[in-house]
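Below: the structure, in structure tokens.
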Amino acid sequence: MSLPPILLSDLIIQHPEVYSFADLLSAIRKRAELGERYMLEVDLKPDFPDTPRNWEFLVEEAFVWGER
């Protein structure tokens, strides 16, 4: 039985210590290393001052590659 995808919004809510896009990528990489789920659903744009234009690519890359 496959688990539903992780919602980006849920991940942000679960990590109140995240105050920047760079911190968010770190939290995503750590979560990816757990290997519980194989999909991440990007359901919102992160609202951080340092969120770059290519944020979706960077979020997906962090989830796929983890902390490698």
Review point. When you scan region 28-46, how many residues do you find that are modelled with pLDDT of 95 or more and out of contact with any strand residue (DSSP E or B) (no Cβ under 9 Å at 6 or more places or on another chain)?
Key: 2
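Each row is one residue, and each column tells you yes or no for (1) surrounded by 12 or more Cβ atoms within 10 Å (Cβ to Cβ); (2) in a helix (DSSP H, G or I).
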site	(1), (2)
L11	yes, yes
R31	yes, yes
Y38	yes, no
K45	no, no
P49	no, no
E56	yes, yes
E60	yes, yes
F63	yes, yes
E67	no, no
Exercise for review: For D23, indicate whether it is closer than 14 Å to G66 by Cα, acidic (D, E) and within 11 Å of the chain's Cα centre (by Cα).
Suggested key: yes
Review point. What do you reckon, is Y38 more than 21 Å from N54 (Cα to Cα) and of a type in the set (S, T, Y)?
Key: yes
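The values are calculated or read from the model by the stated rules, or taken from the named source; none is laboratory data. No experiment lies behind these values; they were computed from the predicted model shown. Neighbour counts are summed over all protein chains in view; Cβ atoms, including those assigned to glycine, are modelled from backbone coordinates with ideal geometry.
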